[in-house]
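> I have a structure here, written as C-alpha cells, and I will follow up with some questions on it.
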Amino acid sequence: MDFGLDGVPLSQALTGVGHYTLELAHALARIAPEDRFELVSPLASLHPPELPSNLRVTQAETSARLWWQVGLPRYIRRARFSVFHGTNYSVPLWKTCPTVVTIHDLSLLLWPQTHTQHLARRARWRLPLMARRADAIIVPSQGIKTEVCDHLNIGESKITVIPEAPRASFLPVAETTAVRRRLNIGDDFILFVGTIEPRKNLLTLVRAFEEVVRSNACYTQLVLAGDEGWLTGELHGFLKNADFSERVRLVGYLADDDLRALYSSCRVFVYPSLYEGFGLPLLEAMACGAPVITSDIPSIRETVGDVALLVSPTDVNELARGIVRLLENPAEREQRSAMGKQHASKFSWEKAAASTLDIYRRLSMNQSA
C-alpha cells in the first residue's frame, strides 16, 4: 500500500515535530518494506536524508499558500494514497482518502499567552476542525488524550496514545572536550535544550541559576541550546542586567553531534517547561546519560517516570535547590544517570511505527470494506 505523510516539518531546521516526522517515516519504512511511504510538501526539504528504497521525499509543484485547501487534496488523489498522515496538527480539508492527525499538545489553546496572538487565534478554530476532520488521532501521552477529549470534544475511541522515542544515535559520548572548547563551555555546566520561547520557562531557570551561583562554590555555567523562538524580550532583558550573565551561554541551534556531546558531559540537564505534550529532549538527554531535573506536570511525569528529579516549574527556589542538590551530590547524579539510560531504552521508534501502522491498516481496511 501507499501511505502519505506531511513533509512540511522537514522544510526548516528540525526540532520536535520535524524529528518526529522524519524518525517515524524512517521506522515505518524499516518495519514495512512491502509498503511505500512518501513525505510530501510544497516546500523543499532542507535536510534531505538518506532514504530507504520504499521512502521518498517529494516537493509538489503547487502553491504553498493553498496547499492544505487545494494542492494537497489534489496530490493525494493523484498519488492514490491509502491513508494520509498529518504529522503536525493538520489534515486536508477536502478528504480524498482516510486521514490520521498527530496532535502533539494543546499549548496554543491552553497556554495562548506563550504564543503569538495570531497563532493562538488561528488555533481556536483550526484545532477543533482538524480533530473532527481526521478519521483517527495520535497523541504522545495519556495526558494529551484527556485534554483532546475534554477541550476538543472528541471521543476516546478515536484517539490512540503512541509515545515517542529518543533517536537511536543519541548515546553517551566519551570525548567532548573539542565541542565544549569550540562553544566556550567549561567542565562544569547545566544544560537546557529546546526552542527559546516562553513555554519553556527559561526566565524561571535563569532566576534559579542566579540562586545557584550564590550558593554553589563551583564555577558553573548555564548553557541554553536551541533556536531563538518568540516573545523572548523579557528573558533577554533579564540576562542583560544580570551580574552573572557571563556564565550564561546561548549557543543557538546545534547539530546532533554537538548535542550528544553536551548531553553526555553536562552536570545536570534541566527542563523546566510549563507545559509539554511529551518532552522528547528529556529522553534524549537520559539516553546520553544526563541526570535530569524537570517539571512536575502530568505529561512529563508520564515520560520520565520516577527517574528524573521533579520540581514545581513555577517555584524558583525549589528549582534552585534541586540543581544545587545534584551539583553537590555526585552519587545521586550517577544513580540518576544509570536509571535514565535504562528508562530511555524502553522507548523506540520501531514500537511507535508499529502502532502507527496498525492505525493505517485499520483505516485502509475500513475504506475498502
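The values are calculated or read from the model by the stated rules, or taken from the named source; none is laboratory data. Every value quoted in this text rests on a predicted model; they were computed, and no experiment measured them. Neighbour counts are summed over all protein chains in view; Cβ atoms, including those assigned to glycine, are modelled from backbone coordinates with ideal geometry.
> Name the helices (runs of 4 or more DSSP H) wholly inside segment 267-342 in which the number of residues that are under 16 Å from PRO163 (Cβ atoms) and under 15 Å from the mean Cα position of the chain (by Cα) is 2 or more.
280-287, 298-304
Residue by residue, here is whether (1) of a type in the set (Gly, Ala, Ser); (2) closer than 26 Å to PRO128 by Cα; (3) in contact with a helix residue (DSSP H, G or I) (Cβ under 8 Å, 6 or more places away or on another chain) holds:
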site	(1), (2), (3)
MET1	no, no, yes
LEU22	no, yes, yes
PRO42	no, yes, yes
LEU51	no, no, yes
TYR75	no, yes, no
CYS97	no, yes, yes
LEU106	no, yes, yes
LEU109	no, yes, yes
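> Right, another one. All but one of (1) modelled with pLDDT of 95 or more; (2) over 23 Å from LYS95 (Cα atoms) hold for ALA25, so report the exception by its number.
Here ALA25 meets the rest and fails (2).
> Among (1) in contact (Cβ under 8 Å) with a residue 40 or more places away in the chain; (2) part of a loop (DSSP other than H, G, I, E, B); (3) surrounded by fewer than 23 Cβ atoms within 10 Å (Cβ to Cβ); (4) within 21 Å of the chain's Cα centre (by Cα), where does ASP105 come up short?
(3)
> Here's something else I'd like to know. Filter the helices (runs of 4 or more DSSP H) completely within segment 154-249 down to those with at least 3 residues that are without any contact (Cβ under 8 Å) to a residue 24 or more places away in the chain, within 30 Å of MET130 (Cα to Cα) and not hydrophobic (A, V, I, L, M, F, W, C).
none
> Applying the selection to segment 291-317, what residues are touching a Gly at 6+ places or on another chain (Cβ under 6 Å) and of a type in the set (Ser, Thr, Tyr)?
Listed by number, the residues that qualify are SER299, THR303.
> Kindly provide the set of residues from segment 108-141 that are of a type outside the set (A, V, I, L, M, F, W, C) and in contact (Cβ under 8 Å) with a residue 60 or more places away in the chain, ordered by number.
Matches in segment 108-141: GLN113, THR114, HIS115, THR116, ASP135, PRO140, SER141.
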